[in-house]
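The values are calculated or read from the model by the stated rules, or taken from the named source; none is laboratory data. Being a predicted model, the structure only gives us computed values, none of them experimental. Only protein heavy atoms, including side chains, enter the accessible area calculation; ligands, DNA and RNA are left aside. Shrake-Rupley method; radii C 1.70, N 1.55, O 1.52, S 1.80 Å.
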Amino acid sequence: MDPFFIVGTAVCALSLVLCIAAVATKTYPGDAAIVSVAVVELFLIVFGVAAGIRQGGGEAIRGAVWEFWGYFATALIIPIVAFWWAIADRTRWSNVVLGAVPLTIFVMLFRMEQIWNGAPFS
C-alpha cells in the first residue's frame, strides 16, 4: 500500500467525522466541515504533484494512465463544487453534501491506488 493512500484515508476519515458532527449539530454549514473539505482538496493537490513527480521520475502507472489522471482531475473538482454548494445553500443539507466529499474521495483514492499498482477493477 502506498503511504499517500494511507494518509489520504486518514484525511478523508477525519473530514467525514467532522462533517457528520456538523450534520448532527449545525443547521448551517459548519466551519470545521468546510475547512476539513479544504484539507481534503489540499491533500489532493499534494497527491497530484507527488504522482506527477513519481511518474516523471520513471515510476510507471501499471494501469491506464488516462484513467488514473481522469480520476484525479474529477477528484479535484468534487471538493470545489461542494464548497460552492455550502456557500450558496446555507442549510443543514450543505453539511450532508460536504460529508459526501470525503467518502467519495476515499473511493476514488482507492481506485487510483488500484490503477497505479495495476490491480484489477474488482
Region 1-63 and region 99-121: distance between their alpha carbon centers, rounded to Å: 11 Å
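If contacts are Cα pairs under 8 angstrom and at least 6 residues apart, what is the relative contact order of the chain in percent?
Values: 140 pairs, mean separation 50.1, N = 122.
This gives 41 percent for the chain.
On full extension of the chain, what length is gained from Ile53 through Tyr28, given 0.36 nm per residue of separation minus the C-alpha to C-alpha distance? Intermediate values should be presented prior to the final figure.
On the way: separation 25, 0.36 × 25 = 9.00 nm, distance 3.95 nm.
Full-extension gain reported as 5.0 nm.
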CD proxy at 222 nm, helix term only [per DSSP H run n ≥ 4: -39500 (n - 2.57); per residue of the chain; nearest 500]: -28500 deg cm²/dmol
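What accessible area per residue comes out for the chain, rounded to a whole number of Å², with a 1.4 Å probe?
Numbers: 6640 Å² over 122 residues.
Per residue, the chain has an accessible area of 54 Å².
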Region 20-122, accessible surface, carbon-and-sulfur percent (1.4 angstrom probe): 74 percent
